[in-house]
1. Identify, among 52, 73, 63, the residue whose Cα sits farthest towards the positive end of the charge dipole of the stretch 1-88, taking +1 on the Cβ of Lys and Arg and -1 on the Cβ of Asp and Glu, with the dipole about the Cα centre.
2. For the chain, with the dipole built from +1 on Lys and Arg beta-carbon atoms and -1 on Asp and Glu ones, taken about the Cα centre, which of 211, 86, 148 lies farthest toward the positive end?
3. Would you mind computing Rg(Cα) / (2.2 N^0.38 Å) for the stretch 1-88, counting N as its residues?
4. Longest exposed-loop-site-free stretch of the chain, with trypsin sites (Lys or Arg not before Pro), DSSP loop and at most 15 other Cβ within 10 Å?
5. Could you compute the FRET efficiency for residue 200 and residue 120, with r as their C-beta to C-beta distance and R0 at 41 Å, rounded to 0.05?
6. Hey, if you put +1 on the Cβ of every Lys and Arg and -1 on every Asp and Glu Cβ in the chain, which of 29, 167, 10 ends up farthest toward the positive end of that dipole?
7. Need the C-alpha centroid separation for the stretch 40-94 versus the stretch 225-244, integer Å.
8. For 229, 64, what's the fewest-to-most ordering of other Cβ within 10 Å of each Cβ?
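Only the coordinates and a few stated rules stand behind these numbers; no lab work does. Only a predicted model underlies this, so the values are computations on that prediction, with no experimental measurement involved. All Cβ positions, glycine included, derive from the backbone under ideal geometry; neighbour counts span all protein chains shown.
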Amino acid sequence: MANEQTIIQLTDPAQWRSAYDHVLTACFPPVELESYEMLHESLATERLRAFGIVGTDGAVECVVMLAIYGPVSMILYLAIAPDRRGGGRGGALLGHAIEYARAADVSYVLAEIEHPAYHQAHPEFGDPAARLKFYERHGLRILDVPYFMPALGPGTKRVPALLLGALWTSADVHRGDAAVAAAPLREFLTRYVAHSEGSLATDNAMTRLLTSVSGDEVRLWSVSELAQVPAGLLEPDELYAPQS
């Protein structure tokens, strides 16, 4: 069980390599997974933090990564090796990352999830509907933005129709019961997309995304209100990040 094993911060490059080779590549399609070299750089410079459980053989069994951009943090790559699933590890890892982010004095803990209406279940990479239910059990509410996953480099492919959700927000950014302050989200999306794609695109997809956070607040929807959330669909000429 997860509570019988210790979640630690993975700071050793050998642990990063193990997490990448034994967990991440088995759980994410190539279009959604950064190269090991990119992840290594982000972890080495502490733009990204990794937490996981290490087995008795020294191999990483499960991992969650957390990016922090000022007051906004993002859960990345929550994954468990296929032969280690079950036992509550996913929930334990997610809770650990959220508590770390809160201790770092962030105001938002976000996660990106495939929209189950546009992404099908896959025998290796999981079921988006089940994944959304998992995050719902951990408090997820969905931001009213047409989100897509940024490309992992200039000229590479974006992933359309993702959901951007909030797992936790601090009281100071609440705007009533169903909205949060927009300005920190706008700054985060600008930095996150520019870092991921190599530059900040000015195409219609990016314009739609930034327009959705251009006001004073952003609406939050419950998972049961998923039909109200604008889907981050992409036109053919928006599927790829611009060449730098």
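1. 73
2. My answer, from the dipole projection, is 86.
3. Working it through for the stretch 1-88, the quotient is 1.04.
4. Maximal segment without exposed cleavage sites: 86-174.
5. 0.85
6. The Cα lying farthest towards the positive end belongs to 167.
7. Distance between centres, Cα-based: 27 Å.
8. On the way: 229 22, 64 27.
Lowest count first: 229, 64.
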